[in-house]
Amino acid sequence: MKTSSIYIILFIFFFSGNLLAQQDPSYIFYRYSMNFVNPAYAGAEDRTEFAANVRSQWSGVAGAPETQSFLASTHIGKNVGLGVSIINDKTFIETQTSVAIDFSYKVQWDNYTNIYFGLKASGNSYNANTDGLMTFGIQGDPSLMNIDGGITPNIGAGVYFQNRKLSLSLSAPSILRPRRLEQENGTARLGRNKLHVYLMGAYDIEINDKLLLKPSSMVRYVENAPISVDLTAALRYDQTFEIGAAYRLNEGFAGFVLFNLDNSFDIGYAYEANVESSLNNTNNGSHEIFLKLTLH
């Protein structure tokens with residue numbers, strides 16, 4: 001890719017207020033990997049699950065965001081769920097890895113409805129190569145040096161409502177605010193991570209014995225940033241595969257497919273394109289691969 005194209009993307013990314021204040025990773029397959037943001041999902045399916053997600057944003061741009069994620073979830077006894085998640089995220093000059101343990105407790109509302117309460121305990125490793133700011137033409141506070149934040153602890157909480165058709169989720173996976181780079185008035189300086197709050201809703205509509213329509217929405221609130229809204233609709237056929245589309249309000253749109261093999265292994269692929277025409281001309285879109293193994 002031409003150097004000028006890279007600078008165009010960085011210019012848009014920086015001056016829209018996102019560089020050095022990048023939200024936590026967002027996923028097209030969010031409905032199938034909610035443990036990443038809500039600990040109440042741990043064990044909620046009453047089975048053991050392993051899942052992995054690989055997301056490459058703005059493919060073809062050097063240093064663009066890359067995220068690899070892994071989760072495991074199971075239930076213990078009747079009401080207790082446990083989970084673990086690992087997220088590795090690289091964005092231009094920043095690298096961070098988070099390892100979290102989830103605990104959930106189920107309260108049965110009636111024969112078809114459960115409410116889950118969850119707690120997340122995590123450790124986060126963060127570092128930033130501040131020398132790279134000059135490469136991207138960004139001014140840095142003279143007092144900044146390469147930042148290695150070590151391991152910082154964090155906590156999160158969430159609640160999950162589930163019945164046969166409707167599910168609702170509200171969570172804040174990282175309540176504490178460790179230090180990291182941020183930008184203010186065009187200059188990079190040492191600041192603190194922003195609070196992220198996630199609200200998800202989904203409703204399954206049975207069309208016939210083989211077809212299931214699955215609309216859902218994810219709302220992300222990030223402190224001092226515009227609210228992000230995902231609108232998603234998927235059509236599932238005979239528990240075998242599903243195809244869907246998603247629109248991130250004022251940001252991008254995506255299409256995805258998900259195949260279920262032998263009722264125990266899911267594999268999915270999603271492609272996302274940006275709404276901004278200038279971004280579309282300088283990258284090959286975003287790609288996401290999702291894998292999940294279920295042990296019944």
(message) If amide hydrogens are placed 1.01 Å from N in the peptide plane, which non-local residues have theirs closer than 5 Å to the one on T48?
(response) L295
(request) Within the set of other residues whose C-beta is less than 12 Å from the C-beta of Y237, count the net charge using Lys and Arg as +1 and Asp and Glu as -1. (result) 0
(request) Could you work out how far the C-alpha centroid of region 39-101 sits from that of region 191-234, in angstrom? (result) 17
(request) With unit charges on the beta carbon (Lys/Arg positive, Asp/Glu negative), name the residue among N224, H196, A234 whose Cα is farthest towards the positive pole of the charge dipole of region 189-242. (result) N224
(request) Subtracting the Cα-Cα distance from 0.36 nm times the residue separation, let me have the gained length for I207 to V99 in nm, one decimal. (result) 34.9 nm
(message) Sort 78-89, 257-268 by the packing proxy (mean of other Cβ within 10 Å over each peptide's residues), most packed first.
(response) 78-89, 257-268
(request) Could you calculate the FRET efficiency of R47 with A157 from 1/(1 + (r/R0)^6), where r is the beta carbon distance between them and R0 is 35 Å, rounded to 0.05? (result) 0.90
(message) Using 0.36 nm times the number of residues separating I86 and F253, minus their current alpha carbon distance, what extension gain do you get?
(response) 57.5 nm
(message) Going by amide H atoms built from the backbone, whose H comes under 5 Å of the H on G43, apart from near neighbours?
(response) T74, L82
(message) Which residues among region 64-80 fall inside the zone where the amide N is under 17 Å from a point 7 Å beyond the Cα of I289, along Cα→Cβ?
(response) 66-71
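Since every read-out is calculated from the coordinates, none of them should be taken as a lab result. Note that the structure is a prediction, hence the values are computed from the model and not measured. Here Cβ is always computed from backbone atoms with ideal geometry, including for glycine, and neighbour counts include all displayed protein chains.
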